């Protein structure tokens, strides 16, 4: 693991995955829209952006099923949860969601020796680590915290506290795009950069580190 320079403001960078490292939120949305419609759960993009981004898939499905009229028990919608995992995996394998600028940023940060890198995501490990490995980026990250690998998910601080612990980070910067993710980082006591879009990640991270 690299030994960051002590004079830098940050020694580590903890990245969210969906909407930050990878432009996957539209893919998640299209999968869920198709999978949940037969259950009488109909999504639109504004609702998905407001209510579903930044939370785990299972939490999202449980909430939507409970809010349906009449409500559906988790056991009844569980097949949708598993079907979505397969659909999502197939779609990103055929159309990788990584932007060239973001991939270059990760290589640049890792090889500089100034920062240790981690991914902290509410998505399951198979939806995060496997695509990163296929993109040839796995070796640039020293740690992953995914899905329900901590007791409490975002917006609780647990995911980012665990990521910092795995890196031995004392001065981490969190890069996020969702309300839940920003709340999680702040609850952990870490500085957070909320990016405006997946397209802007590379430019906004570089600007933050220079500032």
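The values are calculated or read from the model by the stated rules, or taken from the named source; none is laboratory data. Quick caveat: nothing in here was measured; it's all calculated off a predicted structure. Cβ sites come from the backbone with ideal geometry, for glycine too, and all protein chains shown count toward neighbours.
Some points to look at:
- The single condition among (1) in contact with a helix residue (DSSP H, G or I) (Cβ under 9 Å, 6 or more places away or on another chain); (2) buried (at least 21 other Cβ atoms within 10 Å of the Cβ); (3) over 20 Å from residue 50 (Cα atoms) that residue 163 does not satisfy is (1).
- Residue tally, condition part of a loop (DSSP other than H, G, I, E, B), in contact with a helix residue (DSSP H, G or I) (Cβ under 9 Å, 6 or more places away or on another chain) and free of Cβ contacts under 8 Å to residues at least 24 places away in the same chain, over the stretch 53-76: 2
- Index of the failed condition, residue 9 passing every other in (1) closer than 30 Å to residue 172 by Cβ; (2) part of a helix (DSSP H, G or I); (3) more than 23 Å from the chain's Cα centre (by Cα): (2)
- Filter result for residue 124 (touching a residue at least 40 places away in the same chain (Cβ under 8 Å), loosely packed, with under 15 Cβ neighbours inside 10 Å and either in the same structural domain as residue 30 (by TED's automatic domain parsing) or under 24 Å from residue 162 (Cα atoms) (or both)): no
- Subset of the stretch 166-198 (residues that are buried (at least 19 other Cβ atoms within 10 Å of the Cβ), more than 15 Å from residue 53 (Cβ to Cβ) and out of contact with any helix residue (DSSP H, G or I) (no Cβ under 8 Å at 6 or more places or on another chain)): 167
Yes or no, residue by residue, for (1) in contact with a strand residue (DSSP E or B) (Cβ under 7 Å, 6 or more places away or on another chain); (2) surrounded by fewer than 15 Cβ atoms within 10 Å (Cβ to Cβ):
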residue	(1), (2)
64	no, no
77	no, no
114	no, no
117	yes, no
152	no, yes
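- Residues of the stretch 41-52 that are surrounded by 12 or more Cβ atoms within 10 Å (Cβ to Cβ) and either part of a helix (DSSP H, G or I) or at pLDDT below 90 (or both): 45, 47, 48, 49, 51.
- Considering residues of the stretch 3-27 that are at pLDDT below 95 and touching a strand residue (DSSP E or B) at 6+ places or on another chain (Cβ under 6 Å) only, the residue surrounded by the fewest Cβ atoms within 10 Å (Cβ to Cβ): 25
- Only a single criterion out of (1) part of a helix (DSSP H, G or I); (2) in contact (Cβ under 8 Å) with a residue 24 or more places away in the chain is not satisfied by residue 114, namely (1).
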